[in-house]
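Only one structure is covered here, and it is reproduced in the block below.
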């Protein structure tokens, strides 16, 4: 009894503290308790600084997806999702240039001007330095920031201030829909055709097969497919290209979250010609499975560097506010049922390159004659 009398005051204090806590935070959680709403309400009511509910919701959504521990699942704000949809279509409303940060931070250097694009029509040249957009300095801005400033509605005009040598120019450019190239063909001096595939998004199969047929009409003796720095894309585009290249048999296997297995098949028609595929650490997803399928059918030599190993596929779900979640919902395997997840492809011929060469390859600024991986592929094809 004496012990109870000693501890009774502490029990009363504890109970009172619990009551006060429940009064402040709305009582004990019910079955439909929403922690995020509760936290947002608390912050908006009690936080001493400025709050942005939309920013908090975006941060919370991103954190929820990050908590899955899957590097391929990701959250996109409404703005990011619009840019993503545009990218997957391989078309955008803009002026048709590719830019990179100047080494001294003074502006954005133009490294590519699309042929027949708005920028070319306005007189923009490779090497021009963009220093302002509509009078706003670009110093301190990222390439994505400047991209957003330059893009806009079709038919509207944007004025760029550029530095060309010692001359400063004001260049008005009218925005229009620009289709980015998906695949390009080049006949090398050796008589081997080079097909560069930039991604497997919209129009990929059409442009890739067109590039192949263009080279075959020029009597190409073999083909090199360059999928280095290719981030992947749509399965349907990949399957169309593989069906064109490979004989009858399985091309691609996928299994979704319900356990259902899908197998894409090729018909008997195929291309019987020596082939090689170039890959590197930035060849992801469809690019890896493209190389793997050609390798497993003994149709091509794989040359370059170890790939990353993206063996899962995602589906994008748009949310009510225009934001979206790309969620891994299944896994892919090669024609022989091999998973590339976290393993990737080890090329038959490994050719490492230094950072400078890797950047030049990425920026498409290296001539084939100076590209050690292309040269290694050409040498290997001589013995085939």
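Considering only residues that are without any contact (Cβ under 8 Å) to a residue 40 or more places away in the chain and in a loop (DSSP other than H, G, I, E, B), look in segment 284-318 and name the one that is nearest to residue 259 (Cα to Cα). Even if it seems obvious, please write down each step before you answer.
Within segment 284-318, the subset without any contact (Cβ under 8 Å) to a residue 40 or more places away in the chain is 298, 307-309, 311, 315, 317.
Still in the list and also in a loop (DSSP other than H, G, I, E, B): 298, 307-309, 311.
Details: 298: 30, 307: 27, 308: 25, 309: 21, 311: 15 Å.
Per the criteria, the residue is 311.
Condition check ((1) modelled with pLDDT under 95; (2) in contact with a strand residue (DSSP E or B) (Cβ under 8 Å, 6 or more places away or on another chain); (3) closer than 16 Å to residue 381 by Cβ) across all residues:
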site: 226; (1), (2), (3): no, yes, yes
site: 235; (1), (2), (3): yes, yes, no
site: 239; (1), (2), (3): no, yes, no
site: 250; (1), (2), (3): no, yes, no
site: 259; (1), (2), (3): yes, no, no
site: 276; (1), (2), (3): no, yes, yes
site: 295; (1), (2), (3): no, yes, yes
site: 300; (1), (2), (3): no, yes, yes
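Filter segment 320-355 down to the residues that are free of Cβ contacts under 8 Å to residues at least 12 places away in the same chain and assigned to a loop (DSSP other than H, G, I, E, B), then identify the one that is farthest from residue 296 (Cα to Cα).
From segment 320-355, those free of Cβ contacts under 8 Å to residues at least 12 places away in the same chain are 320, 354-355; that's our starting set.
Next, only the ones that are assigned to a loop (DSSP other than H, G, I, E, B) stay: 320, 354.
Numbers: 320: 43, 354: 29 Å.
That would be 320.
Go through 357, 307 for me and flag whichever is modelled with pLDDT of 95 or more and more than 22 Å from residue 190 (Cβ to Cβ).
Details: 357 fails: more than 22 Å from residue 190 (Cβ to Cβ).
Answer to the check: 307.
Just checking, does segment 214-223 include any residue being surrounded by 23 or more Cβ atoms within 10 Å (Cβ to Cβ) and either within 24 Å of residue 358 (Cβ to Cβ) or not assigned by TED's automatic domain parsing to the domain that holds residue 368 (or both)?
yes
Filter segment 126-175 down to the residues that are touching a strand residue (DSSP E or B) at 6+ places or on another chain (Cβ under 9 Å) and within 30 Å of residue 287 (Cβ to Cβ) and list them by number.
Across segment 126-175, the qualifying residues are 126, 142, 143, 146, 147, 150, 151.
Might you check whether a residue that is more than 23 Å from residue 208 (Cβ to Cβ) and either more than 20 Å from the chain's Cα centre (by Cα) or surrounded by fewer than 19 Cβ atoms within 10 Å (Cβ to Cβ) (or both) occurs anywhere in segment 289-302?
No, segment 289-302 contains no residue that is more than 23 Å from residue 208 (Cβ to Cβ) and either more than 20 Å from the chain's Cα centre (by Cα) or surrounded by fewer than 19 Cβ atoms within 10 Å (Cβ to Cβ) (or both).
Assess whether residue 192 counts as being within 21 Å of residue 299 (Cβ to Cβ) and either touching a residue at least 60 places away in the same chain (Cβ under 8 Å) or assigned by TED's automatic domain parsing to the domain that holds residue 128 (or both). Before you say what the answer is, go through the steps one by one.
Details: within 21 Å of residue 299 (Cβ to Cβ): yes; either touching a residue at least 60 places away in the same chain (Cβ under 8 Å) or assigned by TED's automatic domain parsing to the domain that holds residue 128 (or both): yes.
Against the criterion (within 21 Å of residue 299 (Cβ to Cβ) and either touching a residue at least 60 places away in the same chain (Cβ under 8 Å) or assigned by TED's automatic domain parsing to the domain that holds residue 128 (or both)), residue 192 qualifies.
Quick grid of which residues meet (1) in a strand (DSSP E or B); (2) surrounded by 10 or more Cβ atoms within 10 Å (Cβ to Cβ); (3) at pLDDT below 50; (4) in contact with a strand residue (DSSP E or B) (Cβ under 9 Å, 6 or more places away or on another chain):
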{"position": "6", "(1), (2), (3), (4)": "no, no, yes, no"}
{"position": "16", "(1), (2), (3), (4)": "no, yes, yes, no"}
{"position": "40", "(1), (2), (3), (4)": "no, yes, no, no"}
{"position": "56", "(1), (2), (3), (4)": "no, yes, no, no"}
{"position": "59", "(1), (2), (3), (4)": "no, yes, no, no"}
{"position": "69", "(1), (2), (3), (4)": "no, no, no, no"}
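Which residue is surrounded by the fewest Cβ atoms within 10 Å (Cβ to Cβ), if the candidates are limited to segment 170-190 and must be under 24 Å from the mean Cα position of the chain (by Cα) and over 16 Å from residue 154 (Cβ atoms)?
181
Just the residues that are within 30 Å of residue 154 (Cα to Cα) and over 18 Å from the mean Cα position of the chain (by Cα), please, taken from segment 41-95.
The answer is 54, 55, 58, 93, 94, 95.
The values are calculated or read from the model by the stated rules, or taken from the named source; none is laboratory data. Because the structure is predicted, anything quoted here is derived from the model rather than measured. All Cβ positions, glycine included, derive from the backbone under ideal geometry; neighbour counts span all protein chains shown.
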